[in-house]
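Notes follow the structure.
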Amino acid sequence: MTPDQKQTPMILALSLLALLLVAVTMGLSFAHALEFPGKLRLDEKTYRAVQAIYYPGFTIGGLIGEFGSMLVLSALLFLLSPGTPRFWWVAGTLGLMVGVHAIYWVVTHPVNSHWLKGTDLDGVSSMFFGWFASPDATWTHMRNVWEWSHVARAIVSFLGFLSMTLSIAR
């Protein structure tokens, strides 16, 4: 009997939790991506006003979904037998979630930091958005970078969701 079979209830519970957390990440990314066509019609003043509504909720959701999924997926990999199909599907999911997270830090976060330079933020928000400030660029360039980064995150998180689903179904 393999460790996967001995710990089926725990592994199933962690797998379902991981799937839920990956779905949260995917949902947040898809929400941004689906707004893209409509937001292209906004002028700069309106666009910047709309952007300000995202930070509290999406920051909390991203923290729970992205960090949570990577932690749970790592724990799940520790419990699975290396080399099994389930192990590789979970490892693939973890790799994709790390990719989603990397897109945020390398592409999305610098734009957020740039846009929030003149905003009075307190505590953790001030520190978080102060990191990796983006160089000055036209607002349309920044908008396009920000919006396309969320399309990329939506695609990668969707692939992570499929991978995690296959790890449970197999």
remark   = Residue pairs within 6 Å by beta carbon, gap of at least six or interchain, first lying in region 89-112 and in contact (Cβ under 8 Å) with a residue 40 or more places away in the chain and within 17 Å of HIS141 (Cβ to Cβ), second part of a helix (DSSP H, G or I) and open to solvent by less than 30 Å² (accessible area, probe 1.4 Å), listed first then second, are VAL107/SER149; THR108/SER149; ASN112/PHE129
key: In region 149-169, the residues that are modelled with pLDDT of 95 or more and open to solvent by 60 Å² or more (accessible area, probe 1.4 Å)   = ILE155, PHE158, LEU159, LEU162, LEU166
message = If the requirement is being closer than 18 Å to VAL145 by Cβ and buried (at least 19 other Cβ atoms within 10 Å of the Cβ), which of these qualifies: ALA18, ALA52, ALA33?
response = ALA33
note = Here the residues within region 81-126 that are over 14 Å from the mean Cα position of the chain (by Cα), open to solvent by less than 40 Å² (accessible area, probe 1.4 Å) and at pLDDT 95 or above are PHE87, VAL90, ALA91, GLY92
remark   = Those helices (runs of 4 or more DSSP H) completely within region 43-119 that have 3 or more residues that are under 18 Å from SER157 (Cβ atoms) are 55-62, 68-79, 85-103
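The values are calculated or read from the model by the stated rules, or taken from the named source; none is laboratory data. No experiment lies behind these values; they were computed from the predicted model shown. Every residue, glycine as well, gets a Cβ built from its backbone with ideal geometry; the counts of neighbours run over all protein chains shown. Ligands, DNA and RNA are stripped out before the accessible areas are found, and what is left, the full protein with its side chains, is counted by its heavy atoms. Shrake-Rupley method; radii C 1.70, N 1.55, O 1.52, S 1.80 Å.
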